[in-house]
Amino acid sequence: MPTAPGVLVAHGDGVLLARLCAALPPEVRLVGRARSVAGLPLAVRRTGAAVVVVGDRTLGDVTAAVRLLVDDGCRVLVVADRPEDPRCADLLLAGAQGVLARDALTALPQHLRAVLDGEAALSRHLVTVLLDEYRRRERARTDRAGARAVLTNREAEILELLRRGHRTGEIAERLVVTPATVRSHIASAARKLHVRTRQEALLAVDRGPADRVG
């Protein structure tokens with residue numbers, strides 16, 4: 001007789017963790033539980049779990065943990081406080097096969113069966129929400145790619161110095177300009193990249209090489 005597939009459950013909320021374990025369908029085996037994502041890949045290898053049910057608010061870097069689990073051949077179902085949160089899109093991009101709202105635990109057996117069958121476990125509403133999020137990200141990526149193409153050499157140089165940890169005053173001294181001029185270049189670059197802060201500007205240019213004009 002074939003062995004029932006093992007499920008490992010992880011969630012930072014102890015009460016919800018217990019509820020998730022109790023809601024598992026009879027055709028699967030609970031092989032472990034955790035309050036943190038630390039050590040989940042090792043636990044999966046040790047227990048042979050076929051699926052990890054993990055809360056999006058579990059302690060630790062959940063997105064990185066999902067990538068590691070998927071790379072090891074494990075399937076992942078995310079339990080989310082707010083499935084429409086962009087964090088859930090990140091988890092699906094990392095390889096999770098489904099998302100379940102924490103207030104819909106009665107649907108856990110159905111979602112688990114879908115994941116075990118290799119199908120996506122997503123409600124129709126969530127599919128629509130996630131498609132909208134993907135489209136928004138793609139538009140933002142395209143807009144930023146176009147904006148990067150018109151950064152001046154000086155704007156790109158200042159952003160690179162910021163990336164290296166230099167402060168505004170240090171950059172001004174190095175480039176023999178005033179701090180106000182440095183701030184003006186940063187503000188100009190941020191406008192072109194459609195972001196609001198210097199940190200967001202650095203993240204935007206990290207997404208790809210910039211073609212600069214003089």
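The values are calculated or read from the model by the stated rules, or taken from the named source; none is laboratory data. Keep in mind that what you see is a predicted model, and the values were worked out from it rather than measured. Quick reminder, even Gly has a Cβ in these numbers, built from the backbone with ideal geometry, and neighbours come from all protein chains shown.
When PRO26 is tested against (1) in a loop (DSSP other than H, G, I, E, B); (2) in contact (Cβ under 8 Å) with a residue 12 or more places away in the chain, only condition (2) is not met.
So for segment 27-38 (the condition being surrounded by fewer than 17 Cβ atoms within 10 Å (Cβ to Cβ) and under 30 Å from ARG137 (Cβ atoms)), does at least one residue qualify? Yes. Do we find that ALA190 is assigned to a helix (DSSP H, G or I) and either at pLDDT 90 or above or in contact with a Lys or Arg (Cβ under 9 Å, 6 or more places away or on another chain) (or both) in this structure? Against the criterion (assigned to a helix (DSSP H, G or I) and either at pLDDT 90 or above or in contact with a Lys or Arg (Cβ under 9 Å, 6 or more places away or on another chain) (or both)), ALA190 qualifies. Screening the candidates LEU112, LEU126, LEU100, LEU77 for the property of being over 15 Å from the mean Cα position of the chain (by Cα), outside any helix (DSSP H, G or I) and crowded, with 17+ Cβ neighbours inside 10 Å yields one hit, LEU100. Would you check if ALA80 is in the same structural domain as ALA104 (by TED's automatic domain parsing) and in contact with a Cys (Cβ under 8 Å, 6 or more places away or on another chain)? So ALA80 fits the description; yes.
Listed by first and then second residue, the pairs linking a residue in segment 132-151 that is not assigned by TED's automatic domain parsing to the domain that holds LEU92 to a residue that is at pLDDT 65 or above and exposed (fewer than 14 other Cβ atoms within 10 Å of the Cβ), with Cβ atoms under 7 Å apart and 6 or more places separating them unless they lie on different chains, are GLU133/PRO86. Filtering segment 88-131 to residues that are touching a residue at least 60 places away in the same chain (Cβ under 8 Å), touching a strand residue (DSSP E or B) at 6+ places or on another chain (Cβ under 8 Å) and under 15 Å from VAL28 (Cα atoms) leaves LEU108, LEU112, VAL115, LEU116. Can you name the condition, by its number, that THR197 falls short on among (1) under 21 Å from ARG137 (Cβ atoms); (2) in contact (Cβ under 8 Å) with a residue 40 or more places away in the chain? (2) is the only condition that THR197 fails. Residues in segment 164-184 that are outside any helix (DSSP H, G or I) and not hydroxyl-bearing (Ser, Thr, Tyr): ARG164, GLY165, HIS166, ARG167, VAL176, VAL177.
Filtering segment 28-43 to residues that are closer than 18 Å to GLY98 by Cβ and at pLDDT below 95 leaves VAL37, LEU40.
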